[in-house]
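Engineer: One structure, pasted below without further comment.
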Amino acid sequence: MDFGPIDIRHLPNIASQYDFTTLNPEPYDFITIEELPDHNTNLDTYERLLIHTAIRNNLIVISENEKFLPYKEEGLQLIW
């Protein structure tokens, strides 16, 4: 899939067109984020929340961020 340059304001519509699931973190995700191992990847809070929420909800993350790779052993489904 090549989406070309995307205006961020159109992202929800594009996600819907392709039947993507968008993340809506719940309070529990914020409370339990510290359960995610560090793996010495220096992820920021948003990246940790993304990975943790995706694992908990059995969702696939589409990213080329190599720092995400160690989390595949934690159950992260990663595509790139």
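Engineer: In this structure, does Ile31 turn out to be in a helix (DSSP H, G or I) and surrounded by 15 or more Cβ atoms within 10 Å (Cβ to Cβ)?
Structural biologist: No, not satisfied.
Engineer: Can I ask one more? State which residue is farthest from Trp80 (Cα to Cα) when the search covers only the range 34-58 and only residues that are of a type in the set (A, V, I, L, M) and assigned to a loop (DSSP other than H, G, I, E, B).
Structural biologist: Leu36
Engineer: Tally time: how many residues in the range 23-40 are more than 27 Å from Leu11 (Cα to Cα) and under 14 Å from the mean Cα position of the chain (by Cα)?
Structural biologist: So the count comes out to 1.
Engineer: Please work out which one of (1) closer than 18 Å to Trp80 by Cβ; (2) of a type in the set (A, V, I, L, M); (3) in a helix (DSSP H, G or I) is the condition Val61 fails and give its number.
Structural biologist: Going through (1) closer than 18 Å to Trp80 by Cβ; (2) of a type in the set (A, V, I, L, M); (3) in a helix (DSSP H, G or I) one by one, Val61 breaks only (3).
Engineer: A follow-up question, please. Go through the range 46-58 and give me each residue that's open to solvent by 40 Å² or more (accessible area, probe 1.4 Å) and in contact (Cβ under 8 Å) with a residue 12 or more places away in the chain.
Structural biologist: Those that are open to solvent by 40 Å² or more (accessible area, probe 1.4 Å) and in contact (Cβ under 8 Å) with a residue 12 or more places away in the chain: Ile55, Arg56, Asn57, Asn58.
Engineer: Among the candidates Leu69, Leu78, which residue alone is part of a helix (DSSP H, G or I), touching a strand residue (DSSP E or B) at 6+ places or on another chain (Cβ under 8 Å) and surrounded by 13 or more Cβ atoms within 10 Å (Cβ to Cβ)?
Structural biologist: Leu69
Engineer: Hey, among the residues in the range 3-21 that are under 19 Å from Thr53 (Cα atoms) and part of a loop (DSSP other than H, G, I, E, B), which one's most open to solvent (accessible area, probe 1.4 Å)?
Structural biologist: Asp19
The values are calculated or read from the model by the stated rules, or taken from the named source; none is laboratory data. All values derive from a computational prediction rather than experimental measurement. In this analysis, Cβ positions are derived from the backbone assuming ideal geometry, glycine residues included, and neighbour counts consider all displayed protein chains. When the accessible area is computed, the model is the full protein with side chains, heavy atoms only, and any ligands, DNA or RNA have been set aside. Shrake-Rupley method; radii C 1.70, N 1.55, O 1.52, S 1.80 Å.
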